[in-house]
1. Stretched out fully, how many nm does the piece from residue 108 to residue 91 gain, at 0.36 nm a residue minus the Cα gap?
2. For the chain, compute Rg over Rh where Rg is the Cα radius of gyration and Rh is the Kirkwood radius from the inverse mean 1/r over Cα pairs.
3. Mind jotting down the three principal axis lengths of the stretch 40-107 based on Cα atoms? Whole angstrom, largest first.
4. Could you sort 30-37, 73-80 so that the peptide with the highest average Cβ count within 10 Å comes first and the rest follow in order?
5. Quickly rank 12-18, 49-55 as a protection proxy: mean count of other C-beta atoms within 10 Å, highest first.
6. Under 8 Å for C-alpha pairs, at least 6 residues apart: give me the relative contact order for the stretch 2-115, rounded to a whole percent.
Ligand code: SF4
């Protein structure tokens, strides 16, 4: 699994992504049960509110070899995770990510997976 990680731009200001990276390394959370090696291809942000730049980030990550686009939990669950401030446009971001990943994947003849949380 070659992961392109996308994070909330606001949270990326103060969070070093330790829990996201740990979940990949230790295969916990969204990565539990993944048999193959989890390799991190790159980390980007949504590009800032309301997330309209996210498609370009997906294109970059897939061009660099990502076969799985992962949205960090700060987007889908908020920060602190599960407690506050989930992204108000998380669903729109996920739709844009899914559509872009499908288009880029089709062009490369691969199916790009989408994972919408990390830990
Ligand atoms: S659009 Fe959502 S994920 Fe992106 S910076 Fe704003 S709150 Fe964070």
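Quick note: the coordinates plus some simple rules give every number you see, no bench work behind them. Nothing here was measured: the structure is a model prediction, and the numbers come from that model. Cβ coordinates were reconstructed from backbone atoms using ideal geometry, including for glycine residues, and neighbour counts include every protein chain displayed.
1. Working: separation 17, 0.36 × 17 = 6.12 nm, distance 2.56 nm.
Taking 0.36 nm per residue and subtracting the Cα distance, the gain is 3.6 nm.
2. Values: Rg = 13.1 Å, Rh = 14.0 Å.
Using only Cα positions, Rg/Rh for the chain is 0.94.
3. 38, 23, 16
4. 73-80, 30-37
5. Taking the mean over residues of other Cβ atoms within 10 Å, the ranking is 49-55, 12-18.
6. In percent, rounded to a whole number, it is 31.
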